[in-house]
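Shown next, in structure tokens, is the structure this report addresses.
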Amino acid sequence: MEAKFPPEPVMTDVTTAWDDKFCDRCKMMSSSIIREILKFAQMPDVISFAGGLPAPELFPIREFEEACAHVLKTDGQRALQYSMTEGYGPLKEALAERMGKYGVTTGPNNILLTNGSQQALDLLGRVFIDPGDVIVTGKPTYLGALQAWKVYRPRIVGIPVDDEGMQMDALEAALKTENPKFIYILPNFHNPMGVTLTLERRKKLVELAAKYGTPLIEDDPYGELRFEGKDLPPIVVLHRENVIYLSTFSKILAPGIRLGWVVAPENIVRKLVLAKQGTDLHTSTLIQMITHDIVKRGILKAHTKEIKRVYGERRHLMTTSMEEHFPEGVTWTKPEGGLFMWVRTPEHINCMELLETAIENKVAFVPGTVFYPDETGLNTLRLNFSNAQPDKIIEGIARLGRVLREAIG
Ligand SMILES: Cc1ncc(COP(=O)(O)O)c(C=O)c1O
């Protein structure tokens, strides 16, 4: 008898209770409030300072177009094939050379290409964090790191961050008693605060890390976006193989390509490679080759210069608008680079609640509390200054000023 096609479906009346099947780890996964806020922020009449988005009009679209055509024409078969987990060799070499210019001595075997730095954070969690391990972060710190690591169930010890970066006295007190697996540090134009760890504190950090034998993870997506002041040495330059260094093309080229890199001692790269193999085999060959082509064309220097010019102007515009519109009792950081500014309101203001009024008034920000491992910091908020056009910055800050004045009374 000939088989029927398509076959008769097998009829059952079973409904799987999928919610009961999730593993315990899933309990640690919460939807990022930023994603929820972005839904509102994307409404056409809302001026959003919420997302960490670069200025899209600066994306080098023509260069991507040319590089893509060139790669496919000259090496298309390789570009569309599976490739090594470690990353595309020529790009690793170019990155090693580039890092060398910043004083970071490294070779291609010390580099792993990842799907953005976000993947690097997850891989580090996989290879380093056992349940109950203590890890040290800033308080506040990058939300994406908290999200990536919470599923591995560490105990997160948050160290206060002020206008000069992480506070070293508090760090030493924690190192004395906690024996953490690592310290996670955002030295340049901190997300969310926009502040930079001073040279003095960098030296102290390295001294403490050496004294207590605690390794460091240095996350540096914004280091190349300094529009004011002087560059400071990366922590990895001061403390070499005791530091795992992360960076990304997200802010100097485009976040949509999802391309970041880790610099670490070879044995760590090998472990991360094993962890990455089980996740995605490798980062897109095509994207790595296109990016390598762009890097080779030598446009990055002029391109980052232009990004810095635009972001510097926008930061300046935002601060002058804040001086004009924000009421007394509200203070803010004055970043010398990066994408973010940090606002402190009087203690009695709950910025989570303030956000609702702000959205009603068609302006959005991220309440600072989401960046605190212990969910404190209710009277703080983060503003992004890179994404909105100048006229929107002026209007958005005026709206936020009205919301703040009403709340503070
Ligand atoms: C401190 C920090 N680390 C990592 C990331 C993730 O960057 P990527 O786009 O490379 O995944 C971000 C993105 O905003 C960030 O601010």
Test LYS276 against the criterion of being surrounded by fewer than 16 Cβ atoms within 10 Å (Cβ to Cβ) and more than 21 Å from ILE393 (Cβ to Cβ), and give yes or no. no
With respect to GLU328, is the statement that it is assigned to a loop (DSSP other than H, G, I, E, B), open to solvent by 60 Å² or more (accessible area, probe 1.4 Å) and more than 25 Å from GLY138 (Cα to Cα) true? yes
When you scan the stretch 160-167, do you find a residue that is over 19 Å from LYS181 (Cβ atoms) and surrounded by 20 or more Cβ atoms within 10 Å (Cβ to Cβ), even just one? yes
Within the stretch 240-256, can you find the residues that are open to solvent by 20 Å² or more (accessible area, probe 1.4 Å) and either within 10 Å of the ligand (Cβ to nearest atom) or not basic (Lys, Arg) (or both)? GLU241, ASN242, LYS251, PRO255, GLY256
Matching residues in the stretch 218-239 (touching a residue at least 12 places away in the same chain (Cβ under 8 Å) and more than 16 Å from the ligand (Cβ to nearest atom)) number 8
Given the conditions (1) more than 16 Å from the ligand (Cβ to nearest atom); (2) assigned to a helix (DSSP H, G or I); (3) touching a residue at least 40 places away in the same chain (Cβ under 8 Å); (4) under 30 Å from ARG382 (Cα atoms), every one holds for CYS68 apart from (4)
Subset tally (residues that are β-branched (Val, Ile, Thr), more than 16 Å from the ligand (Cβ to nearest atom) and either open to solvent by 40 Å² or more (accessible area, probe 1.4 Å) or in a strand (DSSP E or B) (or both)) for the stretch 100-139: 3
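The values are calculated or read from the model by the stated rules, or taken from the named source; none is laboratory data. The shown structure was predicted, so the numbers you read here are calculated from the model rather than taken from an experiment. With ideal geometry, Cβ positions are generated from the backbone for all residues, glycine too; neighbour counts draw on all protein chains shown. Just so you know, the surface numbers come from the protein's heavy atoms only, side chains and all, with ligands and any DNA or RNA stripped out. Shrake-Rupley method; radii C 1.70, N 1.55, O 1.52, S 1.80 Å.
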